[in-house]
Structures are given as structure tokens and as C-alpha cells.
Amino acid sequence: MQGSCSVTLTKEDLVQLQLSYLLKKPYPYLLGFLYLISILDIVLAIVEKDISSLNPFMVFIFIFVPLLAFFLIKAHKNNIKNRLVKEEKQYTWSEEGMTIESESLTVRMQWTDFTGIFATKSAIYLMVNGITAHIFPRRCFTDEQWSEFGQMVRSRIKQKKKLRGVRNLLIYLFIFVVTVGIVQYFNAS
């Protein structure tokens, strides 16, 4: 099946991608729950006037979650400013893959180059890696084209397993151990 469409992304398309992808993962909910517990732990320590009873893990969460949110927001603002994101792109697809053309780039990708797909009511996202996707808003298709495109990409793109989560977990564990060490050093003094 062959086809094509023209896509010009808006700020809302990018926000929707990032929120949809983030809310699809379990860790934002876990971090939010842990952040509330950390606030409660800190408030209780202040009320009891016993700062030494603070749980080092809760201090780590109290510091880590706002920093993570700050960096996510900063990355989002940088994405919106990216010239390549704002350009009109012409997507053409065939049995072999997809060609992406814009004013500043031309790329040909095989279907196996995509690492995954996820869809919402208003867009289909073709993942290139863990953090990059090609966005196909529904407004760029008629209802029939939307249905055909969705079925076609689902049949061509297979989800790839990633070990990236393990690497990130090790990094977070290292940050946690360093934070706990610092807190315990100051508590021992």
C-alpha cells in the first residue's frame, strides 16, 4: 500500500506526544506517589522537631522529582524551538518503508528502522528510538485514510525490546546511593 501526507506540527502536537507517552509509562505515577510520601515524611520530621529521623530515600525523592520535572520542561521548550520540528514535512510510504522530506532534510527509513508505534484518538506516533517519534496528526488524513494508515503501520512495525530501562535504573540507583551517603554523612556529624 502506498500513500502520502503532509504534516506541519503545532505546539499542541508536541505537548500531546510528550504527555501521552509519559502518562503511558508507570513511573510518573510511582514518582508522584513517592513524592507525596516524601513531603509527608519531611513535614512529620519538622513537626516532631527531629530532623535526624528523616528517611534518606524520602529526601532523595523530594530533591529528585522536581529536578526531573524541571529537566523535562526544559527539554520540551527546546523541542518547540527546533527548526526541524516546525518545518512542513512530506511523508511518502510504500511496502518497503517511508520517505520523509522537508526543506532541510530528506530521509528514507525502512519499516524495521522504527522501534515502535502508539496511537491516540488524535495522532499516530511512529517511534524511532526511546525518545523520538514521527507524529501523524489525525487532521492530516480523511477518516478512511486514517484507518488505512493505522492498519498499515501496525502491520509493518514491530515493537522492539529495549534494555534502556535497565541502564536508567542503574543511573537512578547510583544517584540514590550518593544522596543517601551525603544525608547520612551530615546526620552522623
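Consider ARG139 against the criteria (1) open to solvent by less than 20 Å² (accessible area, probe 1.4 Å); (2) assigned to a helix (DSSP H, G or I): it satisfies all of them except one. Which criterion is unmet?
Every listed condition holds for ARG139 apart from (1).
Results for (1) under 26 Å from LEU19 (Cα atoms); (2) not β-branched (Val, Ile, Thr), shown as yes or no for each residue.
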{"position": "GLN110", "(1), (2)": "no, yes"}
{"position": "THR115", "(1), (2)": "yes, no"}
{"position": "ALA119", "(1), (2)": "yes, yes"}
{"position": "ILE124", "(1), (2)": "yes, no"}
{"position": "VAL128", "(1), (2)": "yes, no"}
{"position": "CYS140", "(1), (2)": "yes, yes"}
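Of the residues that make up the stretch 116-134, is at least one farther than 24 Å from SER147 by Cα, out of contact with any Cys (no Cβ under 9 Å at 6 or more places or on another chain) and of a type in the set (A, V, I, L, M)?
yes
Can you tell me which residue in the stretch 15-55 is nearest to SER122 (Cα to Cα), limited to those that are within 11 Å of the chain's Cα centre (by Cα) and among the aliphatic types (A, V, I, L, M)?
Among those residues, the one meeting the criterion is LEU17.
Identify all residues within the stretch 110-137 that are closer than 23 Å to LYS86 by Cβ and β-branched (Val, Ile, Thr); write none if there are none.
THR120, ILE124, VAL128, ILE131, THR132, ILE135
Can you tell me which residue among ILE131, ILE73 is outside any helix (DSSP H, G or I), surrounded by fewer than 18 Cβ atoms within 10 Å (Cβ to Cβ), at pLDDT below 90 and out of contact with any Lys or Arg (no Cβ under 7 Å at 6 or more places or on another chain)?
From the options ILE131, ILE73, the qualifying one is ILE131.
Could you check THR179 against (1) of a type in the set (Ser, Thr, Tyr); (2) more than 30 Å from VAL59 (Cα to Cα); (3) in a helix (DSSP H, G or I) and say which number it fails?
With (1) of a type in the set (Ser, Thr, Tyr); (2) more than 30 Å from VAL59 (Cα to Cα); (3) in a helix (DSSP H, G or I) applied to THR179, the lone miss is (2).
Those residues that are surrounded by fewer than 16 Cβ atoms within 10 Å (Cβ to Cβ), closer than 19 Å to GLN2 by Cα and charged (D, E, K, R), I need them from the stretch 100-124; list them, please.
Within the stretch 100-124, ARG108, ASP113 meet the criteria.
For the structure I just gave you, tell me whether TYR21 is hydroxyl-bearing (Ser, Thr, Tyr), at pLDDT 90 or above and closer than 25 Å to LEU169 by Cα.
The answer is no for TYR21.
For the stretch 2-25, which positions are exposed (fewer than 12 other Cβ atoms within 10 Å of the Cβ) and in a helix (DSSP H, G or I)?
Across the stretch 2-25, the qualifying residues are GLU12, LEU22, LEU23, LYS24.
Search the stretch 25-42 for residues being of a type in the set (Ser, Thr, Tyr) and touching a Phe, Trp or Tyr at 6+ places or on another chain (Cβ under 9 Å), and hand back the single one that is nearest to PHE57 (Cα to Cα).
Once the filter is applied, the top-ranked residue is SER38.
Would you check if LEU67 is part of a helix (DSSP H, G or I), more than 30 Å from GLU103 (Cα to Cα) and open to solvent by 30 Å² or more (accessible area, probe 1.4 Å)?
yes
Does VAL85 satisfy the condition of being outside any loop (DSSP other than H, G, I, E, B), surrounded by 14 or more Cβ atoms within 10 Å (Cβ to Cβ), modelled with pLDDT under 90 and on the phi < 0 side of the Ramachandran plot?
So VAL85 fits the description; yes.
The values are calculated or read from the model by the stated rules, or taken from the named source; none is laboratory data. In this text, all values refer to a predicted model and were calculated from it rather than measured experimentally. Methodologically, a virtual Cβ is constructed for each residue, glycine included, from the backbone with ideal geometry; neighbour enumeration extends over all protein chains shown. SASA here: full protein model, heavy atoms, side chains in, ligands and nucleic acids out. Shrake-Rupley method; radii C 1.70, N 1.55, O 1.52, S 1.80 Å.
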